[in-house]
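Asker: Take a look at the following structure, please.
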Amino acid sequence: MIRSVVTGSGSALPKRAVSNAELAETVDTSDEWIVERTGIRNRYIAGEGETTSTLATDAARVALDAAGIDASEIDLIVLATATPDQTFPATATRVQDALGCQGGIAFDVGAVCSGFLYALGTADAMLRTGMAKKALVIGAETFSRILDWEDRATCVLFGDGAGALVLEAREVADGPQAQGILSTKLHADGAHNELLYVDGGPSTTGTVGKVRMRGREVFRHAVVNLADVLREVLGDTGYTAADIDWVVPHQANARILDATARKLSLPPEKVVVTVDRHANTSAASVPLAFDVAVRDGRIKPGDLVMLEAMGGGFTWGASLIRM
Ligand code: COA
């Protein structure tokens, strides 16, 4: 059977790191409040010349290098973002041009913080059905550009960055021990728009808008939805939580990570946490955290890795991968 195998990962961050203390100089907040409520200590903020496509391109180059393949071999780029360089064309096409891999398929996916899971599921389906052979799946954001820096309840939570995976369609033996993406489950419930949204857009206000959120309600939905979709993916593959080597969650808030892990009896040491240093980078957070755990030697060949995310829409999803 054909499976999508992860052959490389990469990530990129803006040059400027901003600590909670630095933020507290201009926003009515404190390091203590942010750490206690979210676990965030630091975030990276894009500066002049740094955009979603430049961060995405940098992450993609590192991933291609890790996979040992040339950009010209890539015939599919799926890029998840809520902060594209332009309303159109897709940021994926800018990345395609910057990498020099014209001719294949390139498009963006919008599912906010679960965008990377949606991009992964889409690319996986396209590889398995033969529409492409080698894909770059990227999550990239410059959320700092859509934050209301006067709204302390949201602006302290987010950061900028990008992460990328190379997926290659490979013929593998059937069964869960073989490499590749074993199962991806995606969901959406459009009834909750008003809990997490941007108050603008090309077709409504003609502006980009700023992030608005009712944090407490989002928190409650996140824990329930994530636990449900993790169970769904485990049920689909016949694994139990005890079989998972690493969980790479969307890095929204340390308390959401803890509560979700507890609901599934997952030991906290199996959960990859980067929210302390990156904050919430929306669609970039899962591939960024994944790349960190590959590079520090935690995620190894043969490991069973669960990715999961929840975001505006609401949208949510999870994917189980044999490395
Ligand atoms: N610094 C200091 N105080 C702050 C603050 C900040 N940055 N932001 C909010 N506060 C204050 C509020 O004004 C409020 O004060 P009040 O009680 O005097 O009115 C108090 O802190 C509590 O606010 P509340 O929003 O109820 O706090 P909370 O315990 O729910 O924590 C979040 C807020 C945002 C950290 C929390 O709700 C959360 O993490 N939600 C999930 C958000 C998320 O992850 N979204 C992305 C999903 S993709």
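The values are calculated or read from the model by the stated rules, or taken from the named source; none is laboratory data. All of these numbers come straight from a predicted model, not from anything done at the bench. Heads up, the Cβs are rebuilt from the backbone with ideal geometry, glycines too, and the neighbour counts pull from every protein chain shown.
Asker: Could you list, in sequence order, all residues of the stretch 238-262 that are closer than 21 Å to Ser183 by Cα and more than 14 Å from the ligand (Cβ to nearest atom)?
Answerer: Gly238, Tyr239, Thr240, Ala241, Ala242, Asp243, Ile244, Asp245, Trp246, Val247, Val248, Ala261
Asker: Going by the structure shown, is Val273 more than 10 Å from the ligand (Cβ to nearest atom) and modelled with pLDDT of 95 or more?
Answerer: The answer is yes for Val273.
Asker: So, one more: Quick one: Asn225 ticks every box in (1) in contact (Cβ under 8 Å) with a residue 24 or more places away in the chain; (2) of a type in the set (S, T, N, Q); (3) more than 26 Å from Ala318 (Cβ to Cβ) bar one, so which box is it?
Answerer: Evaluating Asn225 over (1) in contact (Cβ under 8 Å) with a residue 24 or more places away in the chain; (2) of a type in the set (S, T, N, Q); (3) more than 26 Å from Ala318 (Cβ to Cβ) leaves (3) as the failure.
Asker: Moving on to the next point. Assuming Asp97 fulfils every condition listed in (1) away from the ligand (no atom under 16 Å from the Cβ); (2) of a type outside the set (Phe, Trp, Tyr); (3) touching a residue at least 40 places away in the same chain (Cβ under 8 Å) apart from one, which condition is it?
Answerer: (3)
Asker: Does the stretch 67-93 hold any residues that are more than 19 Å from the chain's Cα centre (by Cα) and not hydroxyl-bearing (Ser, Thr, Tyr), and which are they?
Answerer: Result: Ala67, Gly68, Ile69, Asp70, Ala71, Glu73, Ile74, Asp75, Gln86, Phe88, Pro89.
Asker: Can you work out which of the residues in the stretch 20-57 that are part of a helix (DSSP H, G or I) and away from the ligand (no atom under 12 Å from the Cβ) is surrounded by the most Cβ atoms within 10 Å (Cβ to Cβ)?
Answerer: Looking at residues that are part of a helix (DSSP H, G or I) and away from the ligand (no atom under 12 Å from the Cβ), I get Ala56.
Asker: Enumerate the strands (runs of 3 or more DSSP E) found wholly within the stretch 130-243, keeping only those where 2 or more residues are surrounded by fewer than 18 Cβ atoms within 10 Å (Cβ to Cβ) and charged (D, E, K, R).
Answerer: Output list reads 160-171.
Asker: What pairs come out if I take residues in the stretch 147-166 that are in contact (Cβ under 8 Å) with a residue 60 or more places away in the chain and pair them with residues that are aromatic (Phe, Trp, Tyr) and surrounded by fewer than 17 Cβ atoms within 10 Å (Cβ to Cβ) whose C-beta lies under 6 Å away, six or more apart or interchain?
Answerer: Pairs found: Cys155/Trp149.
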